[in-house]
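Below is one structure, written out as structure tokens; comments come after it.
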């Protein structure tokens, strides 16, 4: 069995500490990926609505989460 | 004070913010100002530092190394592995598309920093560098502050990470200072 498979089966040991930590790590990873992709989409001129549709959330949700202040850098881009 | 900054110096401050953000740092320090200066090939400071073998990539790596322990929220590769996710494989793909460190910038969407470019505060030393750059310009009887004056400010401040990184790259700060002064004419 490979190391990864071994670790994966460890997760099956139902130890909540292991499982919950994995969930937290996965959530953080998803947050990073989402932020990166939303930023990229905005840079490419996608509207909030288009981004929201892809993520299957409301436009308001994605806007509230990612539309920051009107900063210096934003205008620079 | 900012109205006296020429575009090169202004852009360096903007670049400093971008670098701090990219490194996932919460403050803009002297090291980010140096990175901001080096981000623009047309800058006098980039040209002079290039003669000392110092460029953006080198400083960026040194800064990332020096501040490695600072990040509190690294992605948990071990935990992801327990559910069969290979973080290094994901990192590889993401960096191929978005560049080195892309996955390591923690999102701070609620504060609007990542996208809004909201101001990241300057450290005491970074503020000091800006003051000193003004002083250098005044002293040289130059009407405005260029990127070269900012580099002089960094060298004058002396104790920040920027100066330490330069010293670490075997740059003789006194000699560099002379060079910059000469170039500024």
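Only the coordinates and a few stated rules stand behind these numbers; no lab work does. What you see is a predicted model; the values in this text were computed from it and never measured. Neighbour counts run over all protein chains shown; Cβ positions are idealised from the backbone, glycine included.
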Quiz item: At 222 nm, what helix-only mean residue ellipticity would chain B give, in deg cm²/dmol to the nearest 500, using -39500 (n - 2.57) for each DSSP H run of four or more?
Solution: -18000 deg cm²/dmol
Quiz item: Using alpha carbons only, how many degrees (0 to 90, rounded to 10) separate the axis of helix B:124-139 from the longest principal axis of chain B?
Solution: 20 degrees
Exercise. Enter the angle in degrees (range 0 to 90, nearest 10) between the Cα long axis of helix B:173-184 and the first principal axis of the Cα atoms of chain B, meaning the one along which they spread out most.
Key: 60 degrees
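Inside 10 Å of the C-beta atoms of B:165-174, what's the mean count of C-beta atoms belonging to other chains?
0
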Quiz item: How do B:48, A:30 rank when sorted from fewest to most other Cβ atoms within 10 Å of their own Cβ?
Solution: A:30, B:48
Exercise. Neighbouring Cβ atoms within 10 Å as the yardstick, rank A:18, B:129 fewest first.
Key: A:18, B:129
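Shielding of A:34-45 by partners, i.e. mean partner chain Cβ atoms within 10 Å per residue? The partial results should precede the final answer.
Values: counts 2, 7, 8, 3, 4, 7, 3, 0, 1, 1, 0, 0.
Mean inter-chain Cβ contacts per residue within 10 Å come to 3.
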Quiz item: Taking the convex hull of the alpha carbon atoms in chain B, what volume per residue do you get, in Å³?
Solution: 127 Å³
Self-check item: Burial ranking of peptide ranges B:130-141, B:33-44, B:91-102 (average Cβ count within 10 Å, highest at the top)
Solution: B:33-44, B:130-141, B:91-102
Practice problem: Estimate the FRET efficiency between residue B:144 and residue B:93 by the formula 1/(1 + (r/R0)^6), using the beta-carbon distance for r and 51 Å for R0, to the nearest 0.05. | Solution: 0.65
Quiz item: Taking only Cα atoms, what is the 0 to 90° angle, nearest 10, from helix B:56-66's long axis to the longest principal axis of chain B?
Solution: 60 degrees
Quiz item: What ranking do B:154, B:145, A:51 get, fewest neighbouring Cβ atoms within 10 angstrom at the top?
Solution: A:51, B:145, B:154
Exercise. With an 8 Å cut-off on Cα pairs and a minimum separation of 6 or more residues, tell me the relative contact order of chain B in percent.
Key: 31 percent
Practice problem: Compute the FRET efficiency between residue A:30 and residue B:51 as 1/(1 + (r/R0)^6), taking r as their Cβ-Cβ distance and R0 = 35 Å, and round to the nearest 0.05. | Solution: 0.15
